[in-house]
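Peer 1: One structure is given below, represented as structure tokens, and several questions about it will come after.
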Amino acid sequence: MTASTAPGPPGGRVLAGHDPGPWLRRYHGRPVRAGATLVCFPHAGGSAGFFFPYSEALSARYDVLAVQYPGRQDRHREPCARSVAELAGAVAAELAATVDPDRPLAFFGHSMGAVVGFETARALARLGVGRGPDVFLASGRRAPALSRDDGVHRLGDRELVAEIEKLGGTDVRMLEDPELRRLVLPTVRADFAAVETYRPAAGALVDCPVVALIGDDDPRVNAEQAAAWRDHTTGDFSLRIFPGGHFYLVERRREVLATIAAHVDPLMA
């Protein structure tokens with residue numbers, strides 16, 4: 001759950017004319033005949049640009065939107081959100097105003113993004129406008145009921161950098177630069193605080209199928225913890241395990257893209 005070195009546009013910029021609002025990024029434009037909308041929620045310390053390669057691969061068939069949290073890149077002057085509920089409420093409001101209610105909707109959230117996506121789906125249901133997701137793919141995260149405070153957000157800077165290195169996905173050598181460390185670590189710390197203090201409502205559910213995805217060597221979630229997502233849906237549940245660690249979806253992008261398509265394409269039939 002850290003900033004990733006996955007390729008993306010500088011500063012999280014989008015192609016001119018394709019930005020639907022401050023919370024969402026559309027990097028490759030909306031296909032003329034998009035059959036579904038795919039909304040991607042990044043990890044703690046991450047940005048919408050983490051999903052640039054996914055948008056590039058899928059934008060010919062789906063309208064791909066990536067969530068941009070405040071406090072980073074082009075939103076660096078804004079304070080980071082203090083809670084998952086704050087993030088979910090804001091994203092839900094923008095999705096309700098942006099997404100075509102006649103088009104199937106899919107959510108993909110990685111790590112912190114999985115619980116933000118989960119709570120966004122629930123916030124959309126409470127709003128009672130538009131539509132909620134027709135399928136939810138929860139990646140690299142234990143089930144909401146198993147949320148706990150691991151104390152990462154209270155670590156000193158040196159220990160926080162060590163935690164980032166353990167999770168992978170980031171070249172920690174860049175954090176040897178004091179100025180860059182000063183810019184990056186407060187955002188990472190704030191995101192960890194939001195997700196580590198998150199607790200779902202009792203019996204929290206979504207009314208769509210849930211697909212949990214993890215790496216088999218992820219230090220943050222194991223198969224049993226991921227399988228507990230089955231208790232948070234009224235729909236079908238499945239679990240996919242890929243070789244790799246917390247950022248398995250970078251090295252296994254092709255397989256993850258195929259998994260997304262396998263669950264989103266049937267919605268367009």
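The values are calculated or read from the model by the stated rules, or taken from the named source; none is laboratory data. Because the structure is a prediction, the values reported are computed rather than measured. Positions of Cβ are generated from backbone atoms using ideal geometry, with glycine treated the same way; all protein chains shown enter the neighbour counts. The accessibility values were calculated without ligands, DNA or RNA, using every heavy atom of the protein model including side chains. Shrake-Rupley method; radii C 1.70, N 1.55, O 1.52, S 1.80 Å.
Peer 1: Which of these, P133, P104, P186, has the largest mean-square fluctuation under a Gaussian network model of the chain (Cα springs below 10 Å)?
Peer 2: P186
Peer 1: Oh, and also: When the accessible area of the chain is computed with all protein chains present and a 1.4 Å probe, what percentage of it is carbon and sulfur?
Peer 2: Carbon and sulfur: 50 percent of the exposed surface of the chain.
Peer 1: Explain nothing, just compute: Karplus ³J(HN,Hα) = 6.51 cos²θ - 1.76 cosθ + 1.60, θ = phi - 60°, for every residue of segment 115-128 in order, whole Hz, x for Gly and Pro.
Peer 2: Once rounded to whole Hz, the list reads 6, 5, x, 4, 6, 5, 4, 5, 5, 4, 5, 5, 5, x.
Peer 1: Read phi for every residue in segment 204-210 and hand back ³J(HN,Hα) as whole Hz from Karplus 6.51 cos²θ - 1.76 cosθ + 1.60, θ = phi - 60°, with x for Gly and Pro.
Peer 2: 3J(HN,Hα) across segment 204-210, in whole Hz: 4, 9, 10, 9, 8, x, 10.
Peer 1: How much accessible area per residue does the chain have, counting only protein heavy atoms and a probe of 1.4 Å, in square angstrom? Numbers along the way, then the final one.
Peer 2: Details: 11500 Å² over 269 residues.
Result: 43 Å² per residue.
Peer 1: Give me the distance in nm between label points sitting 7 Å out from Cα along the Cα-to-Cβ direction at L239 and A125, one decimal.
Peer 2: Each label point lies 7 Å from its Cα, and together they span 2.2 nm.
Peer 1: Treating only the Cβ of Lys, Arg, Asp and Glu as charged (+1, +1, -1, -1), what charge dipole size does the chain show about its Cα centre? Round to the nearest 20 debye. Could the numbers behind the result be given before it?
Peer 2: Values: 31 positive and 33 negative charges, 78 e Å.
I would put it at about 380 debye.
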